[in-house]
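K.L.:
Below is the structure I would like to discuss, written out as structure tokens.
The values are calculated or read from the model by the stated rules, or taken from the named source; none is laboratory data. Because the structure is a prediction, the values reported are computed rather than measured. For neighbour counting, all protein chains shown are included, and Cβ atoms are generated from backbone atoms with ideal geometry for every residue, glycine included.
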């Protein structure tokens, strides 16, 4: 699994853009600058912010105090809890106070700045409380408590408890007002705002720093929070020694501005409002096939068992190679294998999955190279593979990835038709895809019929591996949260239902039923094995529990069920495995892989391994 968090490690070749933003800030040399980092939801703006901060910090001199002080502000976190405008001012003031304390300079300036901010908070509180009472809306805070008490007096009269509560609330209001700041009689909001700007600029000058404010997730906020934050930014904009980097989707910001200026339909005016805040617009690069393939491969590397040193070597080499793709260089499995790192077989197989998926992940309308959506797709794939292993369902990761891709992006009616065809086929194969897949792979024209139409379907059919001759029941079984596999398999014949009931009730004598079991169609033995394995999962010790007899009997009758039983046994917790299970299964044709897995495991007990050794020495194994 991969967390949906921003990172300071570049997986997307964004470091070049981050370096550009950092250079703009450095070259401004104290002149005010505002930079907008724009891009769609999930495209990597938050990671770009982190990389930008690291790039600016890397340009600092190693000697002496830092020239750049960073403030990271996420308006979305404050939404519903505090006014975003006041919260941003508080965050900036707190950061400058910390710097003043550590540098032992500009302490008076910082205190003055804090007082100005408190005054604006007090002015806003007074305006809010007055307006709330006028319009019949209860105010908040201590003033709100006093307001509520007033209503109680009006309806219930004055009692001792009410009088005491009123005294306390009045005292709280007085403390709240005096704690914020008692404004002078000759002051006013315009004067205080200018005084705030002056104090802010003087503080930065005396500290000898450039304040770099990084605003993120603005496009996640409700319109009123977005506008409130933009107005707070405007208070500090275009002052010396400031740099603002604002990450947001332009379209979402313009939507918030349009909602704020109700009735204004002139897009030019709305654009101008935004352009006055942003001096330098920069758009996060759209990922191409090379970048998407590299990103998927690096995600697989991140989750692998490689050492941190090898992971970083691969990451740095891949990013360096991406910078030269315009010269025809390529990032693929062969390139990573050429780096001199010993790669696990599983990781190499996952690289092949990245090769297959990258083109569709780049162009498909449901993903379009969006890193967050790619990560979510891979997380969903990982979850289903985990379910597959936990439930003993042998599913090929490439097959599951191809199915999941169609489920996420393809037509819902077409996916339902695929499930239906798998359900009614005796071997669970979508044989109707055979001609289409062959034509798509050969590059021939396809005679597709609705709902199987569109460019995505053509590309998907050509995607490896072909599915027409693959039993997809296991893959659909672990995908039931989106497409419940309600099929004729769940409606067993009378004979199959009777045999299943007998094996569940008396599993120890299941071997006597073999002659009847061999006559049961495979579509029913698969469901029967599902039910037996569900019962078997309740076992906590795996020596020779009675349910194992039933599972072995069914696997003897239908050899296809053997590998499923083997996968189930191999996935049991090592501490549950006991020596007595070894002779019970050793002569079965499907048991070799289980015994090999147990024998090579460091967690399996020595007595079990000794039992495996004795059994093989005595020749009691399947040939």
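K.L.:
Can you name every residue in the stretch 534-546 that is within 38 Å of the chain's Cα centre (by Cα), assigned to a helix (DSSP H, G or I) and surrounded by fewer than 20 Cβ atoms within 10 Å (Cβ to Cβ)?
P.N.:
Passing the criteria: 534, 535.
K.L.:
Another one. Just to be sure I understand, how many residues within the stretch 85-115 are over 15 Å from residue 236 (Cβ atoms) and touching a strand residue (DSSP E or B) at 6+ places or on another chain (Cβ under 6 Å)?
P.N.:
1
Results for (1) within 19 Å of residue 86 (Cα to Cα); (2) touching a helix residue (DSSP H, G or I) at 6+ places or on another chain (Cβ under 7 Å), shown as yes or no for each residue.
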{"position": "216", "(1), (2)": "yes, yes"}
{"position": "221", "(1), (2)": "yes, yes"}
{"position": "232", "(1), (2)": "yes, yes"}
{"position": "241", "(1), (2)": "no, yes"}
{"position": "246", "(1), (2)": "yes, yes"}
{"position": "252", "(1), (2)": "no, yes"}
{"position": "262", "(1), (2)": "no, no"}
{"position": "273", "(1), (2)": "no, yes"}
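K.L.:
If you don't mind, there's one more thing I want to ask. Which residue pairs have Cβ atoms under 7 Å apart, sit 6 or more places apart or on different chains, and have a first residue in the stretch 490-514 that is within 29 Å of residue 420 (Cβ to Cβ) and a second that is in a loop (DSSP other than H, G, I, E, B)?
P.N.:
Listed by first residue and then by second, the contacts come to 495/520; 496/520; 499/520; 500/492.
K.L.:
Hey, another quick one. Do you know which residues across the stretch 586-616 are within 38 Å of the chain's Cα centre (by Cα) and in a helix (DSSP H, G or I)?
P.N.:
Within the stretch 586-616, 593, 594, 595, 596, 597, 598, 599, 600 qualify.
K.L.:
Can you tell which of 461, 485 is over 19 Å from residue 398 (Cβ atoms) and either crowded, with 17+ Cβ neighbours inside 10 Å or at pLDDT below 85 (or both)?
P.N.:
485
K.L.:
Which helices (runs of 4 or more DSSP H) does the stretch 338-426 wholly contain that include 3 or more residues that are in the same structural domain as residue 42 (by TED's automatic domain parsing) and under 29 Å from residue 309 (Cβ atoms)?
P.N.:
No helices (runs of 4 or more DSSP H) qualify here.
K.L.:
Something else about it: If the requirement is being out of contact with any strand residue (DSSP E or B) (no Cβ under 8 Å at 6 or more places or on another chain), over 26 Å from residue 90 (Cα atoms), surrounded by fewer than 21 Cβ atoms within 10 Å (Cβ to Cβ) and without any contact (Cβ under 8 Å) to a residue 60 or more places away in the chain, which of these qualifies: 271, 289?
P.N.:
Criteria check complete, one pass: 271.
K.L.:
Scanning the stretch 301-311 for residues that are assigned to a helix (DSSP H, G or I) and without any contact (Cβ under 8 Å) to a residue 60 or more places away in the chain, which turns out farthest from residue 377 (Cα to Cα)?
P.N.:
Checked the stretch 301-311; the qualifying residue farthest from residue 377 (Cα to Cα) is 309.
K.L.:
Got a number for residues in the stretch 400-418 being within 24 Å of residue 525 (Cβ to Cβ) and touching a helix residue (DSSP H, G or I) at 6+ places or on another chain (Cβ under 6 Å)?
P.N.:
Total satisfying the criteria: 2.
K.L.:
Return yes or no: is residue 564 buried (at least 17 other Cβ atoms within 10 Å of the Cβ) and part of a loop (DSSP other than H, G, I, E, B)?
P.N.:
no
K.L.:
From the list 294, 316, 334, pick out the single residue that is in a helix (DSSP H, G or I) and either under 26 Å from residue 25 (Cα atoms) or outside the structural domain of residue 397 (by TED's automatic domain parsing) (or both).
P.N.:
From the options 294, 316, 334, the qualifying one is 316.
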